[in-house]
Amino acid sequence: MVSTKWMAVGLTAAAAVAQVAAAPGDVGTTIAGYKFVEEVSQQARIDLDVRAVENAKSNYAFARTVYTKGSNSEAEEGGKRTLQGFSTEYASPGIARTEPLAIMSKVFWGDWDYANKHLLAALGGFNSAKYGLYGSGALAKTAAARQQIIKKVIKFSLIPQYVQRELAKTMTDYKKGLESAAEHWDEAWAFYAGSLENGSGNGYSAYILAEKRSANFGTKAGGRSRVNQRFLAAMKKGQGQVSKPGQVGALLQTVKCIRGLMVVPAIQGCLRYSYKVSDPAVSSAANLAKESAEAWAFCAAALPGLASVDRAAAGRVRFQTFLGGNKRVNWPIVRAAFGAKNLNKMGVRCSDVGALNVEYPQSQHSVCKDGKLSNPNQGTNFC
Ligand SMILES: *[C@@H]1O[C@H](CO)[C@@H](O)[C@H](O)[C@H]1NC(C)=O
């Protein structure tokens, strides 16, 4: 679209290049190895809002304004796209909510817009029996904890949920033979990676987590996380499938692969920070609020999937990691909840998660032994 503008007004080629320098997400540009066939540069800019919220630190009023009103990303229907809308869209009446992550999350949290409710509690500094005691909890009320919750719930609960929504919209539109299927597919990557991401995990969206945690769990290959490498491969494959007719079954397999991959970094984060805050020698009293918040933010992202296969185990992890007063996590309880049986039922292999003892040998968390992967809706065996 942009590339033809300059010819019409007769600019020199050099001036034209300066004027129309491609933005990340324009047709033909690449973000972290994925090349867009649709125009999604405004969608990719949502990470600039994430960065603005993060940089606001304890200026919660400003963070809340960016979160609720939007700032950097123009919506197709006019006005700003908002991070808040990614979550509240689910609470609108009459909305189709078919993606498994949305349904599992509603079952676990009791809210369709669980990410938004969590964020409003942390941004507003009030107590929520479900999401955290941000008003009076000794750990939860601290600025260090609230800032971690705000940025990590946005990146690792709210955005992943909306990425999966784009995959679901792709399927729906593809089945109807609509061209918009290809746009939804590209939007999924635009939101997942964001405009600033160069592949290394330097960006501000969900992509970064697999890069960070793969270093702790020994799940890198050739300098990059295996999760993101497989995610990228699946996105490229799906882009090809969407461009051809007759691919409903194959495309669904690709979507199931991505859903399975997306839960892995959240599990790794939940394990790593649960371990850290279990041990005063690893997480000192001075770091306890910040790192407990990190544990809760990651576990919150992993809990709906865990609850769907083992409700009791998810209840125990919730109890251990819920962010409130001054308490340390019981690590063996959290470690046991993510054993081979539950991982496999979630569609995750032991080798996908890897071993925290790469980083903390004393954690006694080695790679578990797979049984049979059995989740019909998602799993890394679909990759
Ligand atoms: C990505 O960005 C980071 C941070 O700016 C930089 O250190 C790194 O070299 C970049 N990597 C690539 C592949 O461009």
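The values are calculated or read from the model by the stated rules, or taken from the named source; none is laboratory data. This is a predicted model, so every value here is computed, not measured. Virtual Cβ from ideal backbone geometry, glycine too; neighbours counted across all protein chains shown.
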Quiz item: Would you pick out the residues in segment 191-223 that are within 10 Å of the chain's Cα centre (by Cα), away from the ligand (no atom under 15 Å from the Cβ) and part of a loop (DSSP other than H, G, I, E, B)?
Solution: A206
Practice problem: Name the one entry in A289, A336, A281 that is more than 22 Å from the chain's Cα centre (by Cα), among the hydrophobic types (A, V, I, L, M, F, W, C) and over 18 Å from N357 (Cβ atoms). | Solution: A289
Quiz item: Can you find even one residue in segment 96-112 that is more than 19 Å from the chain's Cα centre (by Cα), at pLDDT below 95, more than 16 Å from the ligand (Cβ to nearest atom) and over 17 Å from F322 (Cβ atoms)?
Solution: yes
Quiz item: Under 8 Å by Cβ, and 6 or more places apart or on different chains, what pairs join a residue from segment 56-79 that is acidic (D, E) with one that is part of a helix (DSSP H, G or I)?
Solution: E74/Q42; E76/Q42
Practice problem: Mind counting the residues in segment 362-372 that are assigned to a loop (DSSP other than H, G, I, E, B) and under 23 Å from R272 (Cβ atoms)? | Solution: 7
Quiz item: Somewhere in segment 320-334, is a residue modelled with pLDDT of 95 or more and within 20 Å of Q161 (Cα to Cα)?
Solution: no
Quiz prompt | Residue among T170, T98, T88 that is out of contact with any Asp or Glu (no Cβ under 8 Å at 6 or more places or on another chain) and either among the aromatic types (F, W, Y) or surrounded by fewer than 22 Cβ atoms within 10 Å (Cβ to Cβ) (or both) | solution = T98
Self-check item: Evaluation of V153 against (1) crowded, with 24+ Cβ neighbours inside 10 Å; (2) away from the ligand (no atom under 16 Å from the Cβ); (3) under 22 Å from K256 (Cβ atoms) (one fails), failing number
Solution: (3)
Quiz prompt | Any pair with Cβ under 6 angstrom, 6 or more apart, that starts in segment 356-378 at a residue that is on the phi > 0 side of the Ramachandran plot and ends at one that is aromatic (F, W, Y) and in a loop (DSSP other than H, G, I, E, B) | solution = none
Quiz item: Looking at (1) closer than 27 Å to E89 by Cα; (2) away from the ligand (no atom under 16 Å from the Cβ); (3) assigned to a helix (DSSP H, G or I), can you tell me which one G177 breaks?
Solution: (3)
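Being hydrophobic (A, V, I, L, M, F, W, C), at pLDDT 95 or above and either within 16 Å of the ligand (Cβ to nearest atom) or touching a strand residue (DSSP E or B) at 6+ places or on another chain (Cβ under 8 Å) (or both) narrows it down to one of A122, A182, A188, A144, so name that one.
A122
Looking at G305, G315, G324 in this structure, which one is small (G, A, S) and part of a loop (DSSP other than H, G, I, E, B)?
So the residue among G305, G315, G324 that is small (G, A, S) and part of a loop (DSSP other than H, G, I, E, B) is G324.
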Self-check item: Any chance L232 is part of a helix (DSSP H, G or I) and more than 16 Å from the ligand (Cβ to nearest atom)
Solution: no
Quiz item: Is there any pair with a first residue in segment 188-215 that is without any contact (Cβ under 8 Å) to a residue 40 or more places away in the chain and of a type in the set (F, W, Y) and a second that is away from the ligand (no atom under 13 Å from the Cβ) and in a loop (DSSP other than H, G, I, E, B) whose Cβ atoms are under 8 Å apart and which are 6 or more apart or on different chains, and what are they?
Solution: Y192/S205; Y192/A206
